[in-house]
Amino acid sequence: MATALGAHEHRVMHVDLAGIGGSALTDASIAIPEEGTTGIPVTYVPARNTMMLSLALAWAEVLSARDLFMGVNAVDYSGYPDCRPEFIAAFEQLAARATKAGVEGAAFRIHAPLIQLSKAGIIREGARLGVDFSATVSCYQADGQGRACGRCDSCRIRQAGFEAAGLPDTTRYQPRPL
């Protein structure tokens, strides 16, 4: 996907979130719910966005880049604490204090352009930008071919977003048993 979008360079950094566990997404012994829940759900991965932003921040500092982008959303989300504006602001403050560039006065900016959009708004904006949604997946339990389950919370939120946006859902779903 990075190549298709014209990225200058793409790096894969391996982080073993399963080694931490504590989430239905990283621990096979915790079932992924297929019904809505209240509060912070079991699909919350402890400190995931903190870890991912830390890796991005380190690479950005090496590259002398000062802008980091992430796709978190605080409106149509599952209750994850690291998808809120307060988290983004706090991470920017951390970056200013925890990096050589930051203490020398070079501010880092965390951009979260989707943070206040509804899922329908995100889908409309993606459609406007020409996103091929059939090449994307949000599913918590996609199969080995990248097909979404159509039942988990993430799939339900995505399906509702397409419906609210009035656009066809081109997500590739797993066949449903008869």
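Set the Förster distance to 45 Å, then compute FRET efficiency between Arg176 and Ser54 from the Cβ-Cβ distance, nearest 0.05. Once the sixth-power term is evaluated, E becomes 0.70.
Taking the longest Cα principal axis of the chain as reference, the axis of helix 48-63 is set at about 40 degrees. Using the Cβ-Cβ distance between His14 and Val103 with R0 set to 30 Å, the FRET efficiency from 1/(1 + (r/R0)^6) comes to roughly 0.55.
What's the longest piece of the chain with no exposed GluC sites (Glu not before Pro), counting a site as exposed if DSSP puts it in a loop and it has at most 10 other beta carbons within 10 Å?
That would be 105-178.
Potential lengthening of the chain between Thr37 and Ala7 amounts to 7.1 nm, from the contour at 0.36 nm per residue minus the alpha-carbon distance.
Given an 8 Å cut-off on Cα distances and at least 6 residues of separation, report the relative contact order of the stretch 1-122 as a percent.
21 percent
Considering only Pro46, Phe133, Ala28, the residue lying farthest towards the positive end of the dipole of the chain is Phe133, judged by Cα position with unit charges set on Cβ. In loop segments of the stretch 26-119 as defined by DSSP, the trypsin sites (Lys or Arg not before Pro) with at most 15 further C-beta atoms inside 10 Å of their C-beta are Arg66.
Read the figures in this text as sums done on the coordinates, not as results from a lab. Keep in mind the model is a prediction, meaning the values are calculated, not measured. Using ideal geometry, Cβ is built from the backbone for each residue, glycine included, and neighbour counts are taken over all protein chains shown.
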